[in-house]
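K.L.:
Supplied in structure tokens, the structure appears directly below.
Bear in mind that the values in this text are calculations on the coordinates, not laboratory data. Keep in mind that this is a model prediction, so the values were computed, not measured. With ideal geometry, Cβ positions are generated from the backbone for all residues, glycine too; neighbour counts draw on all protein chains shown.
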Amino acid sequence: MKMVILAATAGFLLSPNFASAEEVDGIVQSVSLPERTLSLQSGQTFTFENASALYGIVPGQRIGVSFSGTKGIAAFDPHPADQADIDVD
């Protein structure tokens, strides 16, 4: 069982998507769910395999993108600890 998990982990880490992935953050220029694209104000445009990775992203939002070439892998909040007015009580 441990060997199967080890092999699966090694396969993921050596996959082209993970091995060559880069990250960038910027301001969203536009999002198209039908086309599965996200464009940043910097001029970079990424196409995602799954449009669900783009749900909730709106123009003007600061976003982080993991990508390989023009293929978007993941979109994320580049500064999650900077959220103001969080009430933990």
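K.L.:
Place the peptides 35-45, 52-62 in order of packing, highest mean first, counting for every residue the other Cβ atoms within 10 Å and averaging per peptide. Each step should come with its number before you reach the end.
P.N.:
Values: 35-45: 15.2, 52-62: 12.5.
Highest mean packing first, the order is 35-45, 52-62.
K.L.:
Using a basic spin-label model with each label point 7 Å from the Cα along Cα→Cβ, how many nm lie between Gln29 and Phe76?
P.N.:
Calculated label separation equals 2.5 nm.
K.L.:
Suppose every K and R has +1 on its Cβ and every D and E has -1 on its Cβ; what is the size of the dipole of the stretch 21-80 about the Cα centre, in Debye to the nearest 20? Write out the running numbers ahead of the final one.
P.N.:
Values: 3 positive and 6 negative charges, 24 e Å.
Dipole size: approximately 120 debye.
K.L.:
What does DSSP give for the stretch 21-80 in terms of the percent of beta bridges that are antiparallel, rounded to the nearest 5? Could you put the intermediate results ahead of the total?
P.N.:
Details: 18 of 20 bridges.
So the antiparallel bridges amount to about 90 percent of the total.
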